[in-house]
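Take a look at the structure set out below.
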Amino acid sequence: MAEGDNRSTNLLAAETASLEEQLQGWGEVMLMADKVLRWERAWFPPAIMGVVSLVFLIIYYLDASVLSGVSCFVMFLCLADYLVPILAPRIFGSNKWTTEQQQRFHEICSNLVKTRRRAVGWWKRLFTLKEEKPKMYFMTMIVSLAAVAWVGQQVHNLLLTYLIVTSLLLLPGLNQHGIISKYIGMAKREINKLLKQKEKKNE
């Protein structure tokens, strides 16, 4: 058991080191984005919502086709991948890279590797469910996809995408400041109260 844990830890460290090497040119940008997403300043949340709203307003105004939108998005990613490693050191100054910043960059890369592992783990579980319990797998997939299709039919595509993107960008800050755990705790307390009231009525 200990040998398996050590192997997993070593593999995680190796994957993290590899990702750090790949993203070294993005280090300064990732640290800045991390500060914004974790709401280190009070004006970061409204700034996130304002930027996202502006981007989606431009998309709505241009009314581009799906193919044009995908092409522009991929083109933007290619330009960013080329320009960011060149411009970031000049803007932020790599000579000011501190031990604390290096540690935070390592933590970010480690979290990204863990998130990727969780996603792969859920994907594998899905296929395991398909092999072991095919009926449950197909019922779950059909119900889930039908629900998603219904929501997509009721809500405009662009509005739905805007809500999803905004929620994902606000999620790290909500988690960092304990807002999610606060409301989950409140929901659990309310559910426990309802269950206790139901038990009293049954008695």
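The values are calculated or read from the model by the stated rules, or taken from the named source; none is laboratory data. The shown structure was predicted, so the numbers you read here are calculated from the model rather than taken from an experiment. Cβ placement follows ideal geometry from the backbone for every residue including glycine, while neighbour counts extend to all protein chains displayed. These accessible areas exclude ligands, DNA and RNA; they are computed on the full protein's heavy atoms, side chains included. Shrake-Rupley method; radii C 1.70, N 1.55, O 1.52, S 1.80 Å.
Residue count for the range 28-42, restricted to those that are over 23 Å from residue 80 (Cβ atoms) and either surrounded by 13 or more Cβ atoms within 10 Å (Cβ to Cβ) or among the β-branched types (Val, Ile, Thr) (or both): 1.
Here residue 84 does not qualify as in a helix (DSSP H, G or I), without any contact (Cβ under 8 Å) to a residue 60 or more places away in the chain and more than 24 Å from residue 31 (Cβ to Cβ).
Can you go through 85, 45 and tell me which one is at pLDDT 90 or above, surrounded by 11 or more Cβ atoms within 10 Å (Cβ to Cβ), touching a Phe, Trp or Tyr at 6+ places or on another chain (Cβ under 9 Å) and not charged (D, E, K, R)? So that I can check it myself, show each step before the final result.
Details: 85 fails: at pLDDT 90 or above.
It is 45.
Yes or no, residue by residue, for (1) over 30 Å from residue 48 (Cβ atoms); (2) of a type in the set (S, T, N, Q); (3) open to solvent by 80 Å² or more (accessible area, probe 1.4 Å):
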{"position": "120", "(1), (2), (3)": "no, no, no"}
{"position": "138", "(1), (2), (3)": "yes, no, yes"}
{"position": "143", "(1), (2), (3)": "yes, no, yes"}
{"position": "158", "(1), (2), (3)": "no, no, no"}
{"position": "164", "(1), (2), (3)": "no, no, yes"}
{"position": "175", "(1), (2), (3)": "no, yes, yes"}
{"position": "182", "(1), (2), (3)": "no, no, yes"}
{"position": "185", "(1), (2), (3)": "no, no, no"}
{"position": "197", "(1), (2), (3)": "yes, yes, yes"}
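For the range 100-117, check the following and say yes or no: at least one residue is open to solvent by 60 Å² or more (accessible area, probe 1.4 Å), part of a helix (DSSP H, G or I) and farther than 29 Å from residue 22 by Cα. Among the residues of the range 100-117, not one is open to solvent by 60 Å² or more (accessible area, probe 1.4 Å), part of a helix (DSSP H, G or I) and farther than 29 Å from residue 22 by Cα, which makes the answer no. Within the range 48-78, being open to solvent by less than 80 Å² (accessible area, probe 1.4 Å) and aromatic (Phe, Trp, Tyr) holds for one residue alone: 56. Annotation note: Cβ proximity below 8 Å between a residue of the range 133-151 that is within 19 Å of residue 164 (Cβ to Cβ) and a residue that is among the aliphatic types (A, V, I, L, M) (sequence gap 6+ or interchain) occurs for 151/160.
Restricting 194, 158, 129 to residues that are among the aliphatic types (A, V, I, L, M), touching a Phe, Trp or Tyr at 6+ places or on another chain (Cβ under 7 Å) and over 30 Å from residue 70 (Cα atoms) narrows the list to 129.
Could you please let me know if residue 24 is under 30 Å from residue 10 (Cβ atoms) and out of contact with any helix residue (DSSP H, G or I) (no Cβ under 9 Å at 6 or more places or on another chain)?
Working: under 30 Å from residue 10 (Cβ atoms): yes; out of contact with any helix residue (DSSP H, G or I) (no Cβ under 9 Å at 6 or more places or on another chain): no.
It is false that residue 24 is under 30 Å from residue 10 (Cβ atoms) and out of contact with any helix residue (DSSP H, G or I) (no Cβ under 9 Å at 6 or more places or on another chain).
Within the range 34-81, being within 27 Å of residue 112 (Cβ to Cβ) and outside any helix (DSSP H, G or I) holds for 38, 39, 40, 41, 42, 43.
Examine the range 47-58 for a residue that is over 21 Å from the mean Cα position of the chain (by Cα) and within 23 Å of residue 171 (Cα to Cα), and state whether such a residue exists.
Narrowing the range 47-58 to residues over 21 Å from the mean Cα position of the chain (by Cα): 57-58.
Cutting the leftovers down to within 23 Å of residue 171 (Cα to Cα) gives us 57.
Yes.
Restricting the range 88-99 to residues that are over 18 Å from residue 17 (Cα atoms) and hydrophobic (A, V, I, L, M, F, W, C), the residue that is surrounded by the fewest Cβ atoms within 10 Å (Cβ to Cβ) is 91.
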